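The next block holds one structure in the form of structure tokens; read it before the comments.
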Amino acid sequence: MPLKIRVARSSDVEVLSELAMRSKAHWGYDPAFMASCRAELTITPDDLCVGHYWVAEKYHRIVGFGGFSLCGTIGEVEHLFVEPSHHGAGIGRALMAALQDGARSVGVDCLTVDSDPNALEFYQHMGFCQIGEVPSASVAGRSLPHLKLDL
């Protein structure tokens, strides 16, 4: 069955939150680190209302999701996660294409993302350029690469 990209629904939020935690944990973070990230990785219906979110489905199962919020003409990628067992299958690329198309459709001229260091290579492969670093919203003393992609 081919990959299907669709708009996220409020009924998806629990599945998306669990997927985000599994995907983040895939990088070997310890339980204390993961606990500190839980709030940031929890997707709520409000997130879907104020942002633009898509899910990737395969065999009627969500295997990835991504979303951005608006800040003027800048789209801030809030989440982009793929089920660890599906890494390398093109799902992240398909979701990024959906985010870019969605961003263009609402007048966004660039996307930014504060990336997990483990995802830096993926974003660079997608054409993002690192323009700085920002402090982590979840973990004190941790810096994250800040990247930008002109659309």
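The values are calculated or read from the model by the stated rules, or taken from the named source; none is laboratory data. Only a predicted model underlies this, so the values are computations on that prediction, with no experimental measurement involved. Because the Cβ atoms are built from the backbone with ideal geometry, glycine has one as well, and the counts that use them run over all protein chains shown. These area figures cover heavy atoms from the full protein model, side chains too; ligands, DNA and RNA do not enter into them. Shrake-Rupley method; radii C 1.70, N 1.55, O 1.52, S 1.80 Å.
Being open to solvent by less than 20 Å² (accessible area, probe 1.4 Å) and out of contact with any strand residue (DSSP E or B) (no Cβ under 6 Å at 6 or more places or on another chain): is that true of M96 here?
It is true that M96 is open to solvent by less than 20 Å² (accessible area, probe 1.4 Å) and out of contact with any strand residue (DSSP E or B) (no Cβ under 6 Å at 6 or more places or on another chain).
Restricting to the range 13-48, count the residues that are part of a helix (DSSP H, G or I) and in contact with a helix residue (DSSP H, G or I) (Cβ under 8 Å, 6 or more places away or on another chain). So that I can check it myself, show each step before the final result.
Going residue by residue through the range 13-48, those that are part of a helix (DSSP H, G or I) are 13-25, 31-41, 45-48.
Add one more test, that the residue is in contact with a helix residue (DSSP H, G or I) (Cβ under 8 Å, 6 or more places away or on another chain), and what stays is 13, 17, 20-25, 34, 37-38, 41, 45, 47-48.
The total comes to 15.
Confirm whether L16 is at pLDDT 95 or above, of a type outside the set (F, W, Y) and within 25 Å of K148 (Cα to Cα).
Values: at pLDDT 95 or above: yes; of a type outside the set (F, W, Y): yes; within 25 Å of K148 (Cα to Cα): yes.
Yes: the conditions hold for L16.
Identify all residues within the range 102-123 that are under 29 Å from Y29 (Cα atoms) and without any contact (Cβ under 8 Å) to a residue 40 or more places away in the chain; write none if there are none. Even if it seems obvious, please write down each step before you answer.
Taking the range 102-123 first, the residues under 29 Å from Y29 (Cα atoms) are 111-123.
If the condition is that a residue be under 29 Å from Y29 (Cα atoms) and without any contact (Cβ under 8 Å) to a residue 40 or more places away in the chain, then T112, V113, D114, S115, P117, A119, L120, E121, F122, Y123 are the ones that fit.
Looking at L111, L80 in this structure, which one is of a type in the set (A, V, I, L, M), at pLDDT 95 or above, open to solvent by less than 70 Å² (accessible area, probe 1.4 Å) and under 22 Å from R38 (Cβ atoms)?
Result of the check over L111, L80: L80.
May I ask you to verify whether L99 is of a type in the set (A, V, I, L, M, F, W, C) and either closer than 20 Å to V139 by Cβ or touching a residue at least 60 places away in the same chain (Cβ under 8 Å) (or both)?
No.
Applying the selection to the range 99-127, what residues are hydroxyl-bearing (S, T, Y) and touching a strand residue (DSSP E or B) at 6+ places or on another chain (Cβ under 6 Å)? Spell out how you get there, then give the answer.
Step one: list which residues in the range 99-127 are hydroxyl-bearing (S, T, Y), which gives 105, 112, 115, 123.
Scanning the range 99-127 gives T112, S115, Y123.
Anything in the range 114-139 that is open to solvent by 70 Å² or more (accessible area, probe 1.4 Å), assigned to a helix (DSSP H, G or I) and of a type outside the set (D, E)? List them, or say none.
Q124, H125
Could you please give the count of residues in the range 52-73 that are open to solvent by less than 10 Å² (accessible area, probe 1.4 Å) and of a type outside the set (V, I, T)?
In the first step, residues of the range 52-73 are kept if they are open to solvent by less than 10 Å² (accessible area, probe 1.4 Å); the result is 55-56, 63-68.
Still in the running and of a type outside the set (V, I, T): 56, 64-68.
Selection size over the range 52-73: 6.
Just one of the numbered conditions (1) under 20 Å from F33 (Cβ atoms); (2) in contact (Cβ under 8 Å) with a residue 12 or more places away in the chain; (3) not basic (K, R) is not true of S69; which one?
(1)
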